[in-house]
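Report on one structure; see the data block that follows.
Coordinate-derived values only; no laboratory data. Keep in mind the model is a prediction, meaning the values are calculated, not measured. Cβ atoms come from the backbone with ideal geometry, glycine included; neighbour counts cover every protein chain shown.
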Amino acid sequence: MTARRSRAAAVVALAVLALAGCATTSGTADGSTRFVAGDGSTTLLAPADRTVAPTVRGTTLDGTELDLASLRGKVVVVNFWASWCAPCRREAGALEKVYDETKAKGVTFVGIVSGGKDSLDNAQAFSRSFGISYPSMYDGDNSLVLAFAGQLPPSAIPTTLVLDRQGRVAARAIDEVDRSRLLGMIDPVLSEKA
């Protein structure tokens, strides 16, 4: 039991450091080093290996209350982002495009804005600038991010998770996603029987 608690504490500590942007990387093409770089990995879990996503409730950038549990029955894409993150800027268009393409099929998107180095005003400006039409919750104290410190935690900004219709974490991409990578995560989950 002690080893299990130590591992859980380590995961939480890494998530806090990564999402707060406390580590540095070799940088991006634009020279920014204000984020922890993802490793570019994509993980897909078989239905038998999935765990239920944590309870996540928050206030969206427009002031509406949102509870992820209320979205059960849909495939949910959860994208962790920040306004200062260069890869988040690069992937914003792909996320919005795939959201538009898949919402009629029962897919919805939710953003979670890491509040560590971000402000609500900057997050709202980012959302307007990039034409993000799906809701994003502002996570000022990173409690929403920390809630995901389970099986497939977000470990960098950006990270994208896909939840199945039962609210279980089915897939994770660390680092920016493009349309192809995102659909490669969504389509297998969408094709599963409800």
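The label-point distance for Thr59 and Arg128, in a model that sets each label 7 Å from Cα toward Cβ, rounds to 1.8 nm. Remark: relative contact order (the range 146-191) = 31 percent; criterion is Cα-Cα distance under 8 angstrom and separation of 6 or more residues.
Compared with the direct C-alpha span, the chain from Thr108 to Lys193 gains 28.9 nm at full extension, assuming 0.36 nm per residue. What residues from the range 142-176 fall in the zone where the backbone N is under 16 Å from a label point 7 Å along the Cα-to-C-beta line of Asp67? Within reach of a label on Asp67, which here means backbone N under 16 Å from a point 7 Å along Cα→Cβ, the range 142-176 contributes 167.
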